[in-house]
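Participant: Dropping the structure in here first, questions after.
Bear in mind that the values in this text are calculations on the coordinates, not laboratory data. Owing to the predicted nature of the structure, the values given are computational and were not obtained by experimental measurement. When we count neighbours, we look across all protein chains shown, and the Cβ atoms used for this are built from the backbone with ideal geometry, even at glycine.
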Amino acid sequence: MNVLVVDDQRMVGDGLVHALSAQPSITVVRQANSVAQAAEMVADFAPSVVVADWELHDGDAVAVLDAVRRVRPTARVLVLADLDDAGAVITALAAGCDGFVTRDRGIDELVHAVEAVSKGEPVLSPAATAVLARGHRPHDRSDGPVLSARELEIVSGLARGLTNRAIAEELFLSVHTVRNHIQRICRRLGASTRLEVVVIAAREGLVDLAAGA
């Protein structure tokens, strides 16, 4: 797969390029240092995955995401951040990014995240889940969507970044059953992606993400 790294800190970006280039599953890695340059390179380079730093001198990862979606809708976008800000996590996920990883997880987890999102698997690092949990504590609710106990267990698994198979093994269910549960949860919450399910569930107080963070 081709990977584009978008980071305006040259040393950080070079380090990511070097680490990702060493992976046998990655064919070519290139680097852009701005939203504008990223938009140009996406058109020319046709990456499978774009790793975008949250803050850039001419915008942010959401701007990169918008540019990528216009030029190459099939490309996956993984946001990389080093900030303790629930708003950033929520904004990135609500905008439709395919994953959110904080820098404290190290290069090995970043490589794993790139490979996961390239396969269509959503990624939310434990640190990002913790940030999201601190920003959205459960509250008493009298209306709005209600999830069953089993569905709440599924959402908890999604929040921890588990795959359908991992959730199935944890809950002693079939992968097909987990997939059906997720489809129903999406319909009930009005979510279009697994990560959006986590954001909405946290916002609505449906699940205590802090308990598993």
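Participant: May I ask for the Rg/Rh ratio of region 2-133, computed from Cα atoms with Rh as the Kirkwood radius, given to two decimals?
Facilitator: Expressed as Rg/Rh, it is 0.92.
Participant: Could I ask something else about it? Using a Förster distance of 41 angstrom, determine the FRET efficiency expected from the C-beta separation of D14 and E169, and round it to 0.05.
Facilitator: Given R0 = 41 Å and the Cβ-Cβ separation, E is 0.60.
Participant: I would also like to ask the following. Between A22 and E40, with labels modelled 7 Å along Cα→Cβ, what's the label distance in nm to one decimal, could you check?
Facilitator: Those two pseudo-labels are separated by 3.1 nm.
Participant: Shifting gears a bit: Would you please give the FRET efficiency between H112 and V146, computed as 1/(1 + (r/R0)^6) with r the Cβ-Cβ distance and R0 = 25 Å, to the nearest 0.05?
Facilitator: 0.15
Participant: Put a dot 7 Å past each Cα toward the Cβ at R203 and R105; how far apart are the dots in nm?
Facilitator: Calculated label separation equals 2.2 nm.
Participant: Another question, then. In nm, what is the difference between 0.36 nm times the number of residues separating R179 and K119 and their Cα-Cα distance?
Facilitator: Fully extending the segment from R179 to K119 adds 20.0 nm.
Participant: Taking a temperature of 10 °C and a viscosity of 1.306 mPa s, what whole-number D in µm²/s does Stokes-Einstein yield for region 12-86 with Rh from Kirkwood over alpha carbon pairs?
Facilitator: 125
Participant: Run the numbers on region 2-133 and let me know its relative contact order in percent, using alpha-carbon pairs under 8 Å that are six or more apart.
Facilitator: This gives 21 percent for region 2-133.
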